[in-house]
Amino acid sequence: MIEVDPNFGDGVVAFRHYGTMTEREFTDLAATVSHCAPHGAVLLLLDWLGIERWAFTAPQTDTLAAWRKAARALQCAAIVHDQRLNRQAAWLGAVLREEGVIVRSWPPQRAAAATVWLRAARSLGSSDRYC
């Protein structure tokens, strides 16, 4: 199950996932992100702490295309995850970075810092590459 909090504050859109993540859900999440806001305006917080299981393999072509499209809506992205999801976070981070999005990965104990980082990015504006 994915919980969306578009009113997280300061332009941050938060997605929290609970339970098992499937490739279909991962692709659908990208489609949802791409419809969040105008080009380059979204500050994305992906909270993956509730993911219990994710049988991750190299994503299919449609998943890659969906995340590349979603990247157009993003300014910055923060991924909060346990170490066991490093591979998934690294894959997504690489795809988003190729599309010009600034991405940082955060361990659970630094989740609050991820939010502060995103909010600071909003206050500096999209032309600043701080985020």
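Scan the chain and report its longest stretch carrying no trypsin sites (Lys or Arg not before Pro) that are both in a DSSP loop and have at most 16 other Cβ atoms within 10 Å.
On the way: sites that count: Arg72, Arg129.
Answer from the scan: 1-71.
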**OP:** Using amide H atoms built 1.01 Å from N in the peptide plane, name the residues 5+ places from Ala73, or on other chains, whose amide H lies under 5 Å from its own.
**Re:** Gly40
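Using Cα pairs closer than 8 Å and at least 6 residues apart in sequence, work out the relative contact order for the chain, in percent. Don't skip to the end; give the middle numbers.
On the way: 233 pairs, mean separation 32.2, N = 131.
RCO, the chain: 25 percent.
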Subject >> Reduced Cα scattering model of the chain, Debye log10 I(q)/I(0), q = 0.12, 0.14, 0.16, 0.17 Å⁻¹ >> reply: -0.39, -0.54, -0.72, -0.83
Original post:
Which net charge results for the neighbourhood of Glu3, defined as the other residues with beta-carbon distances under 14 angstrom from its beta-carbon, given Lys and Arg at +1 and Asp and Glu at -1?
Top reply: -3
**OP:** Counting helices only, and only those DSSP H runs with n ≥ 4, report the 222 nm mean residue ellipticity of the chain as the sum of -39,500 (n - 2.57) divided by its residues, in deg cm²/dmol to the nearest 500.
**Re:** -12000 deg cm²/dmol
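Every read-out reported here was derived from the displayed coordinates using simple, explicitly stated rules and does not represent laboratory data. Just so it is clear, the structure is predicted and the values come from calculations on it, not from any experiment. Here the Cβ is made from the backbone with ideal geometry for all residues, glycine too, and neighbour counts use every protein chain on show.
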